[in-house]
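Every read-out reported here was derived from the displayed coordinates using simple, explicitly stated rules and does not represent laboratory data. Source: prediction; values computed, not measured. Cβ placement follows ideal geometry from the backbone for every residue including glycine, while neighbour counts extend to all protein chains displayed.
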Amino acid sequence: MTGPVRGYWCECWTEDLGSGQPPALRAAFDAYSAPQADRWVAVTLRTISPALDSDASAQAWAWLYGDGIKTRRALLRAEPCTVSVTHAGTRITWTIRPVLFLPLSHRQSAELPPCANDFKRHRSIHINSPDPH
């Protein structure tokens, strides 16, 4: 990649509606086309739908075979989209936002630049792991 590339940043969040806790990030995905971003949500919904309660499963299938076309059209217009289902007090939300992916600089030498030590480590985010709370 030599310059910015258009794409979509996709995330999956869960929120326990009864706990008052903020939503938790469960997965993230970088898609390089609208169909790829849409497919990520569609495959996930098809995968989890057998485990969802009847209302959430109906929401999932309604999106897959009807409402999803609105999402696809919005993505083709480079508009952000959100898809949600609620299962047993948990809201599962997929977000898709148009972004520009920037190229990363390649290090040619083994030594890090002096500014590399100026950054503090961030707390690790464990994606797809259950929330211990």
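Rounded to whole Hz and in sequence order, give me ³J(HN,Hα) for region 43-56 from the Karplus expression 6.51 cos²θ - 1.76 cosθ + 1.60, θ = phi - 60°, writing x for Gly and Pro.
Once rounded to whole Hz, the list reads 5, 5, 4, 5, 5, 8, 4, x, 8, 7, 5, 4, 5, 5.
Counting Lys and Arg as +1 and Asp and Glu as -1, each charge on the Cβ, what is the dipole of region 15-72 about the Cα centre in debye, to the nearest 20? Write out the running numbers ahead of the final one.
On the way: 5 positive and 7 negative charges, 55 e Å.
That gives a dipole near 260 debye.
Given N residues in region 25-90, what is its alpha carbon radius of gyration divided by 2.2 N^0.38 Å?
1.12
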